[in-house]
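Scroll down for the structure; my scribbles are underneath it.
The values are calculated or read from the model by the stated rules, or taken from the named source; none is laboratory data. Because the structure is predicted, anything quoted here is derived from the model rather than measured. With ideal geometry, Cβ positions are generated from the backbone for all residues, glycine too; neighbour counts draw on all protein chains shown. Ligands, DNA and RNA are stripped out before the accessible areas are found, and what is left, the full protein with its side chains, is counted by its heavy atoms. Shrake-Rupley method; radii C 1.70, N 1.55, O 1.52, S 1.80 Å.
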Amino acid sequence: MSFFQRNRAELERLGYDPDRLPPGQYHTKRFPVLHVGDVPAYDMATWDLRVYGSVRTPLGISWHELRALPATEVVTDIHCVTKWSRFDTRWAGVRVREVLERAGVDDTATTVVAHGEFGYTTNVPLPELLADDALLAWGYDGADLAPEHGGPLRLLVPRLYFWKSAKWLRALELLDHDEPGFWERNGYHNDGDPWREQRYWGD
Ligand SMILES: Nc1nc2c(c(=O)[nH]1)N[C@H]1C(S)=C(S)[C@@H](COP(=O)(O)O)O[C@H]1N2
Ligand SMILES: [Mo]
């Protein structure tokens, strides 16, 4: 039996439906930490989240203002392009939609580029960020989101491979055209749908 077959058999023993695993993925109970560069430190008094580009009202949202927005919880599976998946991860935050509504997205906007600290970028189709489970996440498993997992704030787009979920999120840029981000320019698939196994260029 291959590693992947054993992993699916183990899932079944644990009482999970192995069909929750997208093609080519294995499940893990660990929560790996994966990023390029350092974990940034912040002064939350000066931290802000900017929303700009194809919007009527560009925003600079302070931490205090962000935390006053309607909070919600999302329990979801996450899928990393390096093949691990983790089930039933529990996140707290505000729906991306809430913030985009406040900025007033132009009818021409199609794409959002998420900007993380230190220039990390990733492009996400606007409709993905209007979904109920797309969050600006500040909490994980009942606690503040740990800095190594993207705290104080990360994007959560659980329907796409996890590289689209930018850690240390600082800005959402609305565009009327598509524009590949950091990994999308460096070999990863532009769309990144795990169910269609869109991992790399040419997949
Ligand atoms: N700012 C930033 N966000 C990032 C990354 C990064 O390098 N920088 N890596 C991405 C990748 S490739 C993955 S798999 C996930 C990993 O999130 P985790 O460390 O919380 O598991 O973060 C994504 N978000
Ligand atoms: Mo990744």
**Prompt:** Taking a label point 7 Å from the Cα of residue 46 along the Cα→Cβ vector, which residues of segment 143-179 have an amide N closer than 12 Å to it?
**Reply:** none
**Message:** Please report the carbon-and-sulfur percent of the accessible area for the chain; probe 1.4 Å, protein heavy atoms only, DNA, RNA and ligands left out.
**Reply:** 49
**Request:** For residue 17 paired with residue 3, estimate the spin-label separation in nm (one decimal), with each label point 7 Å from Cα along the Cα-to-Cβ line.
**Result:** 2.7
**Complete:** Averaged per residue, the 1.4 Å probe accessible area of the chain, protein heavy atoms only, in Å², is roughly 48
**Complete:** Cα-based Rg/(2.2 N^0.38 Å) for segment 68-135, rounded to two decimals, is 1.24
**Prompt:** One-quarter of the Cα convex hull surface for segment 4-102, in nm²?
**Reply:** 9.1
**Fill in**
Quick calc: nm separation of the 7 Å Cα→Cβ label points for residue 176 and residue 98 -> 3.0
**Fill in**
When the chain is treated as a Gaussian network with springs between alpha carbons less than 10 Å apart, the largest mean-square fluctuation among 14, 175, 135 is found at 14
**Request:** For helix 3-13, report the angle its Cα long axis makes with the longest principal axis of the Cα atoms of the chain; keep it between 0 and 90° and round to the nearest 10°.
**Result:** 90
**Request:** Provide the convex hull volume over Cα atoms per residue for the chain, in Å³.
**Result:** 122
**Prompt:** If contacts are Cα pairs under 8 angstrom and at least 6 residues apart, what is the relative contact order of the chain in percent?
**Reply:** 22
**Item:** Span per principal axis, largest first, for the Cα atoms of segment 34-75 (Å)
**Value:** 34, 28, 23
